[in-house]
Amino acid sequence: VQLQASGGGLVQAGDSRRLSCAASGRTFTSYIMGWFRQAPGKEREFVGRISWSGRRTYYVDSVKGRFTIAKDSAKNTVYMEMNNLKPEDTAVYFCAAAPMYNWNTEDPAKYDYWGQGTQVTVSS
């Protein structure tokens, strides 16, 4: 089972960036696909999640209205479109998968599978 995150890079404040998370090795039906981020010296922070059906999404307030998570079932890939990026969005971003019954948790420990992380740096 593998989650491969990609799409990070260096951008300027106000720019947009799209992260991808390609899943392989198993089917993730009945799973949540989540995005987390971790800034230097800080704990890993939940950002948002999407059900594998794509019908349900949830975002933390700090990114609501700026970030959008979507999925392409044919490609077994989840995306996170990040708009109007701010310097405080600078972090390593991780995708992860958790069973659907953990929908209401933001606890990283509830996520069983993790991608390797991709760095997003937003300059002011």
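The values are calculated or read from the model by the stated rules, or taken from the named source; none is laboratory data. Note that this is a predicted model, so its numbers are computed, not measured. Backbone-built Cβ (ideal geometry, glycine too); neighbour counts: all protein chains shown. Ligands, DNA and RNA are stripped out before the accessible areas are found, and what is left, the full protein with its side chains, is counted by its heavy atoms. Shrake-Rupley method; radii C 1.70, N 1.55, O 1.52, S 1.80 Å.
Please name all residue pairs, on different chains or six or more residues apart, with Cβ atoms under 9 Å, provided the first residue is in segment 41-70 and is farther than 20 Å from A109 by Cβ and in contact (Cβ under 8 Å) with a residue 60 or more places away in the chain and the second residue is assigned to a strand (DSSP E or B) and open to solvent by less than 50 Å² (accessible area, probe 1.4 Å).
No pair meets every condition.
Within segment 109-122, how many residues turn out to be open to solvent by 40 Å² or more (accessible area, probe 1.4 Å), touching a residue at least 24 places away in the same chain (Cβ under 8 Å) and more than 11 Å from G34 (Cα to Cα)? Give the derivation first.
The initial filter retains those residues of segment 109-122 that are open to solvent by 40 Å² or more (accessible area, probe 1.4 Å), namely 109-110, 112-114, 116, 119, 121.
Still in the running and touching a residue at least 24 places away in the same chain (Cβ under 8 Å): 113-114, 116, 119, 121.
Checking the rest, the ones that are also more than 11 Å from G34 (Cα to Cα) come to 116, 119, 121.
Looking only at that region, the number is 3.
So that you can scan it fast, the table gives a plain yes or no per residue for (1) exposed (fewer than 12 other Cβ atoms within 10 Å of the Cβ); (2) in contact with an Asp or Glu (Cβ under 8 Å, 6 or more places away or on another chain); (3) not basic (K, R):
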residue	(1), (2), (3)
R26	no, no, no
T29	yes, no, yes
R55	yes, no, no
K71	no, no, no
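Any residue in segment 89-108 that's free of Cβ contacts under 8 Å to residues at least 40 places away in the same chain and over 18 Å from K64 (Cα atoms): show its pairings with residues that are open to solvent by less than 40 Å² (accessible area, probe 1.4 Å) and small (G, A, S) at Cβ separation under 8 Å, as long as the two are six or more apart or on different chains.
none
Looking at (1) assigned to a strand (DSSP E or B); (2) surrounded by fewer than 16 Cβ atoms within 10 Å (Cβ to Cβ), which is the only condition D61 fails?
Status for D61: all satisfied but (1).
So for segment 76-99 (the condition being touching a helix residue (DSSP H, G or I) at 6+ places or on another chain (Cβ under 6 Å) and small (G, A, S)), does at least one residue qualify? Let's see the steps before the verdict.
As a first pass, look at segment 76-99 and keep what is touching a helix residue (DSSP H, G or I) at 6+ places or on another chain (Cβ under 6 Å): 98.
Remaining after also requiring small (G, A, S): 98.
Checked segment 76-99: at least one residue is touching a helix residue (DSSP H, G or I) at 6+ places or on another chain (Cβ under 6 Å) and small (G, A, S).
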